[in-house]
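Data first, discussion second: the structure below is written as structure tokens.
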Amino acid sequence: DTYDLWTNFSYKGDDNPKHTHAGMISGVIYYRNHGHPTIFDDYNISYEGLNGTMIMFPSQVFHHVDSQIINKERITFAFNIVETKTATSNGYKYSV
């Protein structure tokens, strides 16, 4: 399996519109969040994202983050775990 990993830096007025991710499992690690929630539209719930916590969810779940109203930097790390198929040919493995 492989993964995608990126960092999000958000400031006052920034948002993250409703979206899904590629892969099987996605997640967010909250480094500096100030209680600004991630909203999971498919379940009508949110998670405030306490600093130092992580949440994981199926990649196809719609979610978003509303506009940030405070003037503090929000830092999160997001990731996808992507399934790859391994095939063999003449004893060599490769991902497809």
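When you look at residue 59, is it open to solvent by less than 80 Å² (accessible area, probe 1.4 Å) and over 10 Å from the mean Cα position of the chain (by Cα), yes or no? So that I can check it myself, show each step before the final result.
Numbers: open to solvent by less than 80 Å² (accessible area, probe 1.4 Å): yes; over 10 Å from the mean Cα position of the chain (by Cα): no.
Spelling it out, it is not the case that residue 59 is open to solvent by less than 80 Å² (accessible area, probe 1.4 Å) and over 10 Å from the mean Cα position of the chain (by Cα).
Taking segment 1-33, which residues are farther than 13 Å from residue 76 by Cβ and of a type in the set (A, V, I, L, M, F, W, C)?
22, 24, 25
Which is of a type in the set (Asp, Glu), open to solvent by 70 Å² or more (accessible area, probe 1.4 Å) and modelled with pLDDT of 95 or more, of 1, 66, 41? Quick ask: steps written out before the conclusion?
Working: 1 fails: modelled with pLDDT of 95 or more; 41 fails: open to solvent by 70 Å² or more (accessible area, probe 1.4 Å).
Criteria check complete, one pass: 66.
Cβ contacts < 7 Å: first residue more than 9 Å from residue 36 (Cβ to Cβ) and among the acidic types (Asp, Glu), restricted to segment 55-82; second residue part of a strand (DSSP E or B) and at pLDDT 95 or above, any location; separation 6+ or different chain. Result?
73/9; 73/32
Determine whether residue 47 is more than 18 Å from residue 7 (Cα to Cα), of a type in the set (Ser, Thr, Tyr) and at pLDDT 95 or above. Please lay out each step first, then the result.
Values: more than 18 Å from residue 7 (Cα to Cα): yes; of a type in the set (Ser, Thr, Tyr): yes; at pLDDT 95 or above: yes.
The answer is yes for residue 47.
Which ones in segment 16-38 are surrounded by 12 or more Cβ atoms within 10 Å (Cβ to Cβ), without any contact (Cβ under 8 Å) to a residue 60 or more places away in the chain, outside any strand (DSSP E or B) and not hydrophobic (A, V, I, L, M, F, W, C)?
20, 21, 33, 34, 36, 37
The values are calculated or read from the model by the stated rules, or taken from the named source; none is laboratory data. Just so it is clear, the model here is predicted, and its values are computed rather than measured. As a convention, Cβ positions derive from the backbone with ideal geometry for all residues, glycine included, and neighbour counts pool all protein chains shown. The protein model used for the area step is the full one, side chains on, heavy atoms only, and it has no ligands, DNA or RNA in it. Shrake-Rupley method; radii C 1.70, N 1.55, O 1.52, S 1.80 Å.
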